[in-house]
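Note sheet for the following structure.
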């Protein structure tokens, strides 16, 4: 049943529209699999450490404490240090390999593009993505998302990031939708859900991994396990 009083939609990018996790898993196995095997470190453990460092170093990049090249290298060098892996002559080649494999492997979730194209015929839509400008715009242009969304905001480009409500206010201004009539769709509770609450929007959790809602979080407006399920809510 179509939800009432919805005039605009906002979307997250990574792990909502694009399958960031699967692409990064492939990239980790390809780029770092050999050194992980040599030192008996599970690739999944490497990825877990990396994701924690990504947030830390990206925040430093947003604050102007490190430049983009430093952000790209430091997150990997610190991961190696924390896991006791050697930063030797192969290190930079592995970092480059990771980026190349990741960009090649990245895809959108099944049915995501078709659903977005249907929704944009009915609603003004905005895309809000946390991440470095060039990395996020690579994805946006790879899948022609700038042809679908009326507003595209990348945190590295505008100097603010989710869950800061200001980035939501900018997006809602662009699609001319009030907070009470805007719904945010995203996978991250901390960035997307908290940001939506901060901005006064409703939230639909794109829960591709079918995870339970952690204790302490309010119920979102709805939960979908794939984007085609949004048709039942909005069309």
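Couple of notes before you dig in:
- The residues of region 74-91 that are over 18 Å from residue 34 (Cβ atoms) and buried (at least 16 other Cβ atoms within 10 Å of the Cβ), listed by number, are 74, 75, 78.
- Residue count for region 214-223, restricted to those that are farther than 14 Å from residue 4 by Cα and touching a residue at least 24 places away in the same chain (Cβ under 8 Å): 3
- Test: residue in region 10-20 that is surrounded by fewer than 16 Cβ atoms within 10 Å (Cβ to Cβ) and either out of contact with any strand residue (DSSP E or B) (no Cβ under 8 Å at 6 or more places or on another chain) or part of a loop (DSSP other than H, G, I, E, B) (or both): no
- Filter result for residue 56 (outside the structural domain of residue 227 (by TED's automatic domain parsing), within 20 Å of the chain's Cα centre (by Cα), more than 23 Å from residue 186 (Cβ to Cβ) and assigned to a helix (DSSP H, G or I)): no
- With respect to being modelled with pLDDT of 95 or more, more than 23 Å from residue 121 (Cβ to Cβ), part of a strand (DSSP E or B) and under 18 Å from the mean Cα position of the chain (by Cα), residue 223 fits the description.
- Note on region 173-190: residues that are surrounded by fewer than 22 Cβ atoms within 10 Å (Cβ to Cβ) and either within 14 Å of residue 222 (Cα to Cα) or within 19 Å of the chain's Cα centre (by Cα) (or both) amount to 4.
- Among the residues making up region 193-204, a single one is in contact with a strand residue (DSSP E or B) (Cβ under 8 Å, 6 or more places away or on another chain) and in a loop (DSSP other than H, G, I, E, B): 201.
- Subset of region 3-35 [more than 30 Å from residue 166 (Cβ to Cβ) and in contact (Cβ under 8 Å) with a residue 24 or more places away in the chain]: 22, 26, 27, 28, 30, 31, 32, 35
- Considering residues of region 193-211 that are in contact with a helix residue (DSSP H, G or I) (Cβ under 6 Å, 6 or more places away or on another chain) and surrounded by fewer than 19 Cβ atoms within 10 Å (Cβ to Cβ) only, the residue farthest from residue 163 (Cα to Cα): 200
- Every condition in (1) at pLDDT below 85; (2) over 19 Å from residue 130 (Cα atoms) is met by residue 60 except one, and the failing one is (2).
- Residues in region 32-44 that are assigned to a helix (DSSP H, G or I) and surrounded by fewer than 13 Cβ atoms within 10 Å (Cβ to Cβ): 4 in all.
The values are calculated or read from the model by the stated rules, or taken from the named source; none is laboratory data. What you see is a predicted model; the values in this text were computed from it and never measured. Ideal geometry is used to build each Cβ from the backbone, glycine not excepted, and the neighbour counts take in all protein chains shown.
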